[in-house]
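One structure below.
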Amino acid sequence: MTEGEVAPCGSDLARTARELRPLRARPGWEGLRAVREGRVVLADGNAFFNRPGPRVVETLEILAEVIHPAAFAFGHQGTGWVGLAEASALGSPGSRGPAGAGAAAGR
């Protein structure tokens, strides 16, 4: 497994969190630097990353929050993206994702 971005196409936060389980079970997952350093995030690809449109500015804000959390806080954490620790709650059976995420990803 190589280091890089994992972004399930067209998935909201809750579905991405559910699909994270088999990814975490893959050999090499724990050896990824982003995993070791607690810098894995999940993003709402359906709302922000998979389609160009009027939300492109919000997508850039999410990237700024993830890459430079000390410098940027636009309020997207929890609705547009979550850290790996928060993802566990989203992936539980019956979860519909965070408030405002609709039916709806290294930091």
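Of the residues making up the range 32-55, those that are in a helix (DSSP H, G or I) and surrounded by 11 or more Cβ atoms within 10 Å (Cβ to Cβ) are A34, V35, G45, N46, A47, F48, F49.
Which one of V41, V6 is modelled with pLDDT of 90 or more, under 17 Å from I62 (Cβ atoms) and in contact with a helix residue (DSSP H, G or I) (Cβ under 7 Å, 6 or more places away or on another chain)? Before you say what the answer is, go through the steps one by one.
Values: V6 fails: modelled with pLDDT of 90 or more.
Unique residue meeting the criteria: V41.
Within the range 13-31, restricting attention to residues that are crowded, with 18+ Cβ neighbours inside 10 Å and among the hydrophobic types (A, V, I, L, M, F, W, C), the residue that is farthest from G78 (Cα to Cα) is L20.
Is it the case that some residue within the range 92-106 is surrounded by fewer than 16 Cβ atoms within 10 Å (Cβ to Cβ), small (G, A, S), modelled with pLDDT of 85 or more and part of a loop (DSSP other than H, G, I, E, B)? I'd like the intermediate steps shown before the answer.
Step one: list which residues in the range 92-106 are surrounded by fewer than 16 Cβ atoms within 10 Å (Cβ to Cβ), which gives 92-96, 99-100, 102-103.
Within this subset, residues satisfying the condition of being small (G, A, S) are 92, 94-95, 99-100, 102-103.
Checking which are modelled with pLDDT of 85 or more leaves us with none.
No - not one qualifying residue is present in the range 92-106.
The values are calculated or read from the model by the stated rules, or taken from the named source; none is laboratory data. Note that the structure is predicted; figures quoted are calculated from it, not measured. As a convention, Cβ positions derive from the backbone with ideal geometry for all residues, glycine included, and neighbour counts pool all protein chains shown.
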